[in-house]
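Encoded as structure tokens, the structure appears first; notes follow it.
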Amino acid sequence: MFGQILAKLRKERNLSQYKLAELMNFSRGQIANYEQGTREPDFKTLERFANFFNVSTDFLLGRTDALDSLDNALSDMKNQRSNMQEVFEFLKASNEQVDDILMLIKDIDDTIKSIEELKENIQNFNNSLAKSDNEEADKK
């Protein structure tokens with residue numbers, strides 16, 4: 001599972017095995033071994049991959065669905081936005097405070113949009129990975 005996820009993340013970023021190896025100070029052979037499943041990363045290496053690709057180690061290991069945590073973050077952001085809107089209504093009398101709150105609401109709206117886009121990208125990634133798994137299984 002790790003190898004497939006690593007290869008998918010690398011390809012999504014249009015990186016060759018050579019380029020990823022160069023960026024992470026590995027040999028191309030090490031990357032190939034990880035992707036083919038002939039070698040497993042130690043904890044430090046797993047952390048390096050997670051940091052590089054900005055994902056969790058659980059995600060790299062196929063143990064969690066990043067969509068669950070995104071759903072929670074999205075729900076929290078929407079609740080914060082709603083609370084900010086209530087504060088805005090309460091503080092309409094002070095222009096300085098209103099401007100600050102409007103900026104915060106805009107920032108939250110932008111973050112919500114980014115999380116929703118990330119969620120869609122992860123869903124597409126998971127669908128593509130499942131399709132690859134099914135095609136691999138059909139070949140056997």
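The values are calculated or read from the model by the stated rules, or taken from the named source; none is laboratory data. Quick caveat, the model's predicted, so the values are computed rather than measured. Please note: Cβ atoms are built from the backbone with ideal geometry, for glycine as well, and neighbour counts cover all protein chains shown.
A few notes on this one:
- Exactly one residue out of Glu12, Glu22 is modelled with pLDDT of 90 or more and charged (D, E, K, R): that is Glu22.
- Apart from one condition, Ser75 fits all of (1) surrounded by 14 or more Cβ atoms within 10 Å (Cβ to Cβ); (2) under 20 Å from the mean Cα position of the chain (by Cα); (3) under 30 Å from Ile105 (Cα atoms); the exception is (1).
- Evaluated against (1) in a helix (DSSP H, G or I); (2) free of Cβ contacts under 8 Å to residues at least 24 places away in the same chain; (3) within 19 Å of the chain's Cα centre (by Cα), Gln4 falls short on exactly one condition, (2).
- Just one residue in the set Asn134, Asn95, Asn83 is outside the structural domain of Ala21 (by TED's automatic domain parsing), at pLDDT 85 or above and more than 19 Å from the chain's Cα centre (by Cα); that residue is Asn83.
- The lone exception for Ile115 - which of (1) at pLDDT 80 or above; (2) among the hydrophobic types (A, V, I, L, M, F, W, C); (3) exposed (fewer than 11 other Cβ atoms within 10 Å of the Cβ) it fails: (3)
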